[in-house]
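Only one structure is covered here, and it is reproduced in the block below.
The values are calculated or read from the model by the stated rules, or taken from the named source; none is laboratory data. Computed from a predicted structure; not experimentally measured. Counting neighbours? That spans all protein chains shown, and the Cβs are built from the backbone with ideal geometry, glycine included. Ligands, DNA and RNA are excluded from the accessible area calculation, which covers all protein heavy atoms including side chains. Shrake-Rupley method; radii C 1.70, N 1.55, O 1.52, S 1.80 Å.
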Amino acid sequence: MKKRADNAASATEATDREPYFVEDQRQKALQTAILNSAHFSQIATDEHGVILIFNAGAERMLGYAAADVVNRMTPAEISDPHELLLRAQVLSAELSTPIASGFEAMVFKARFGIEDVYELTFTRKDGSRMPAVVSVTALEDAAGAIIGYLLISTDLTARRQADEKARDLALYARSLIEASLDPLVTISPLGKITDVNEGSVSATGVARDKLIGADFCDYFTEPEKAREGYREAFLKGSVTDYPLTIRHANGALTDVLYNASVYKDVQGRVLGVFAAARDVTNQKKTEAKFRGFLESAPDGVVVVDATGQIVLINAKTERLFGYDRHEMLGQKVELLIPQRLHTKHLKHRDGFIDEPKARGMGAGLELCGRRKDGSEFPIEVSLSPLETEAGVLISSSIRDVTQQKQASQYARSLIEASLDPLVTISPQGKITDVNEGSVSVTGVQRDKLIGADFSDYFTEPEKAREGYLEAFLKGSVTDYPLTIRHANGRLTDVLYNASVYRDVQGNVLGVFAAARDVTRRKQAEAERMRLDKVLQDSLLELKNAKVAADEANLAKSDFLSSMSHELRSPLNAILGFSQLIETGTPPPTLAQADSIKQILKAGWYLLELINEILDLALIESGKLSLSLEPISLGEVFADCEAMINPEAHKSGIQVFFPVPEGGWVVMADRTRVKQVLLNLLSNAIKYNRVRGRVDVSCVQDGSGRTRVSVQDTGEGLSADKLSQLFQSFNRLGQEAGAQGGTGIGLVTSKRLVDLMGGRVGVDSTVGMGSVFWFELDSCAAQQLGAEPTDVQLAPARSDMSGAAQRTLLCVEDNPANLLLVQRLLERRTDIRMLSAHDGQRGVEMARTHQPDVILMDINLPGISGITALRILSEDAATAHIPVVALSANAMRHDIEKGMQAGFFHYMTKPIKLSEFMDTLDAALAYAHAEKTETTGESQ
């Protein structure tokens, strides 16, 4: 019974191991196939460099049989000794240790676990040289000791040849465009310059790298006209003799006629516009557009089994096709082939399996790959069978040949894109290439022109021959006059510009010549000059007008700042002393209190009018700054309700606000939203009927907006009055009424809402009332900022006898303002006041008396308050003293500038008594804490 159970367990164990055994066999088979691959040279050595393994790929690439080298040679003996010596020197300098040439230089990095991939030239058995990419890995035993090295190499010969071919094609294209002495440029569909020749550089005075990527129209006196020109070329396919004026960087102008037409890729898709201008004489060679392959392993490698299933890929394949490795492994290879070619490919694959034999790269076949995004690209593929225990595998090396294909098409597109006759001439005077322009001007087909004598198509053949010979001799000729004879006898007078073009080694291949019919250009010269004069006069007028506008705007800004300061200074004295009297001891009589209340009411109203006028002026000058952030309208409603209710009760008006909801959050400036809503509420109360009511509502619509409405029960507005709303200083006939105002509140409100990206509107019915509303962008209820509540006037703080006396220095040049501060501080027995009438004196007194707090005006005689603050901050003896700004410079940018300068707080005139006392207490508390901390540290 026990024996049967043991047998069953053994059977189960064998069954469980079977999948792993099969997979292990498959992995071993795959490793054997890779080792025997003809695509990679794999050489394994012992720790001294003696070759132990020399695979089939190494035999194929280097021409040695394994028996020739195994246990006989080291890899250094079949490598370029000069390169190994140079590598040893470079590594010695890089790693700061002496490294010997030979095998040590080949494996030194790998010996220390450093990834090492480099290029090296091997010497084949027949003496020929093979450039290769070599990857070196150290082989270790179980204890971690190095027992040998593995060198995997890839033949770079094909890549070098492909690179040279691509360079030749690109250089040919580059030579053609540079051979023209006229300005030539290629333009993208977006109007950006994608290529230029030296003629364009000379005409504009701008370097090529600055031109490429810039707007084509930026280099003309009429940019819009230039834009219309290249757009017309994209629309119609070409434009002829399009007149423009190029402006050189030094201001010089060049009148040109542009001929332009589109050029296309292999699939016939428009790539851009090629444009040629006349009257530029210099040329400059630019570097080739096409770069060589960058990767050390230049080709993608895909290994598939007999069913077409992908079993192995390399990183280059991922980059070629845009798939991740896991997206390709296990899939059919048809994943990488366009759908239309699947049937044909299956037949080729089955045929290869039946008769497997190596096929080299290219093999004269037009092949195509398909990327993950669906785009297709031309490829070359080499195939090699891999015999494994699991069967025949197919190894494919895949190369993207898009650059080679497009280089030829690009060269052809450039020469055909020109509407001028273009021709290339051999040193023997034979035509080697022409464009359609040459076909049109001669009336002879392209295949007849190529191979014919260049001079045969001119009225003066000898003169034509002398022209191209001069180009070969001097390198170029400019504006060479000839007359072309058409097959039908028609004559065309042209000017030729011609220059030589060369191969990679700099050998002259031929002459590139471009002809231009210049008749129409001369006829239009006078008109162009007249128009240019008109344009220059217009530009001068515009420049003068802009200067005048800028000066006026600066003067307006200076006036606003000055007016704000000059009006607030006397108001500070009026409102400050009135508050002192109102809250003084003994309290004023009822009659006095009533008079003081009227003074304060008028003063604060005057301040409100000043602020409204300044706000409007700031908006109109474009200098008002806003702080847009998510704000809660519910909080704004609560603040406005508290502020407006006293005015409403006094007028006998009931104001109803909606119950706050969490979703009432908008993107806006909290202070400005409150200003707008208070203005609408104030108007609704002022112009309401007796015992009327005002209703505030808030609604969110489906378009991402929130609307706030203020509805009153007033007389309403007629259509005529509605048309006059939002006009500055227009009170719609209420100037003689009992209600005060300037007529700019609604104007300011509308422009504030506009600046916050919202809308303002009104609906009104005569006899029933009006609804004023504004809309703002809704947003999520997150990171809501809190706004400090308004400061209320507080009674005088005179009983401070129990506190230690502190020192306050007031730096103020206005006697009335200085007296006001003195009177305020007389109520504080805990504070001793010192004063200085200018900034320099204030700094000296601060250093001498070490006050606890400093009150600093901004506009002072001599140095300003900000300069005085900087001096105090840089002096270790005074840097700890909190300095509070007290200034009539009350515009927002003044306050921001002051806080950035380092003031502890920035108070604006007129003073609010409670705010003044609270700020003073905060500064004294800060000074006390600083002093306590300093004392503790010293102990």
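Working only within the stretch 318-339, note down all residues that are outside any helix (DSSP H, G or I) and not basic (Lys, Arg).
Correct list: Gly322, Tyr323, Asp324, Leu329, Gly330, Gln331, Ile337, Pro338.
Go through the stretch 495-507 residue by residue and tally those that are modelled with pLDDT under 90 and of a type in the set (Val, Ile, Thr).
Number of matching residues: 1.
Being free of Cβ contacts under 8 Å to residues at least 40 places away in the same chain and under 18 Å from Val811 (Cβ atoms) is the filter here; which residues of the stretch 873-886 pass it?
Within the stretch 873-886, Ser873, Glu874, Asp875, Ala877, Thr878, Ala879, Val883, Val884, Ala885 qualify.
Output the number of residues of the stretch 232-261 satisfying the condition of being part of a strand (DSSP E or B) and aromatic (Phe, Trp, Tyr).
2
Okay, residues lined up against (1) without any contact (Cβ under 8 Å) to a residue 40 or more places away in the chain; (2) closer than 30 Å to Asp400 by Cβ; (3) surrounded by 17 or more Cβ atoms within 10 Å (Cβ to Cβ); (4) of a type in the set (Gly, Ala, Ser):
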site: Phe122; (1), (2), (3), (4): no, yes, yes, no
site: Ala132; (1), (2), (3), (4): no, yes, yes, yes
site: Leu139; (1), (2), (3), (4): no, no, no, no
site: Gly148; (1), (2), (3), (4): no, no, yes, yes
site: Leu156; (1), (2), (3), (4): no, yes, yes, no
site: Arg160; (1), (2), (3), (4): yes, yes, no, no
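State yes or no: is Ala524 surrounded by 13 or more Cβ atoms within 10 Å (Cβ to Cβ), among the hydrophobic types (A, V, I, L, M, F, W, C), at pLDDT below 75 and not assigned by the TED database to the domain that holds His893?
yes
Against the condition part of a strand (DSSP E or B) and open to solvent by 40 Å² or more (accessible area, probe 1.4 Å), how does Ser703 come out, does it pass? Steps first, please.
Working: part of a strand (DSSP E or B): no; open to solvent by 40 Å² or more (accessible area, probe 1.4 Å): yes.
No, not satisfied.
If you take the residues of the stretch 262-286 that are of a type in the set (Ser, Thr, Tyr) and in a loop (DSSP other than H, G, I, E, B), which of them is modelled with the lowest pLDDT?
Taking the candidates together, the pick is Thr286.
Can you pull out every residue in the stretch 182-210 that is hydroxyl-bearing (Ser, Thr, Tyr) and more than 11 Å from Ile246 (Cβ to Cβ)?
Correct list: Thr186, Ser188, Thr194.
Of the residues that make up the stretch 96-117, is at least one of a type in the set (D, E, K, R), more than 21 Å from His48 (Cβ to Cβ) and out of contact with any strand residue (DSSP E or B) (no Cβ under 6 Å at 6 or more places or on another chain)?
So far as the stretch 96-117 goes, yes, one or more of its residues are of a type in the set (D, E, K, R), more than 21 Å from His48 (Cβ to Cβ) and out of contact with any strand residue (DSSP E or B) (no Cβ under 6 Å at 6 or more places or on another chain).
What helices (runs of 4 or more DSSP H) lie completely within the stretch 815-912 and have 2 or more residues being open to solvent by less than 30 Å² (accessible area, probe 1.4 Å) and closer than 22 Å to Leu567 by Cβ?
815-825, 892-901
On the given criteria, is Val270 open to solvent by 50 Å² or more (accessible area, probe 1.4 Å), more than 18 Å from Val494 (Cα to Cα), in contact (Cβ under 8 Å) with a residue 24 or more places away in the chain and more than 29 Å from the chain's Cα centre (by Cα)?
no
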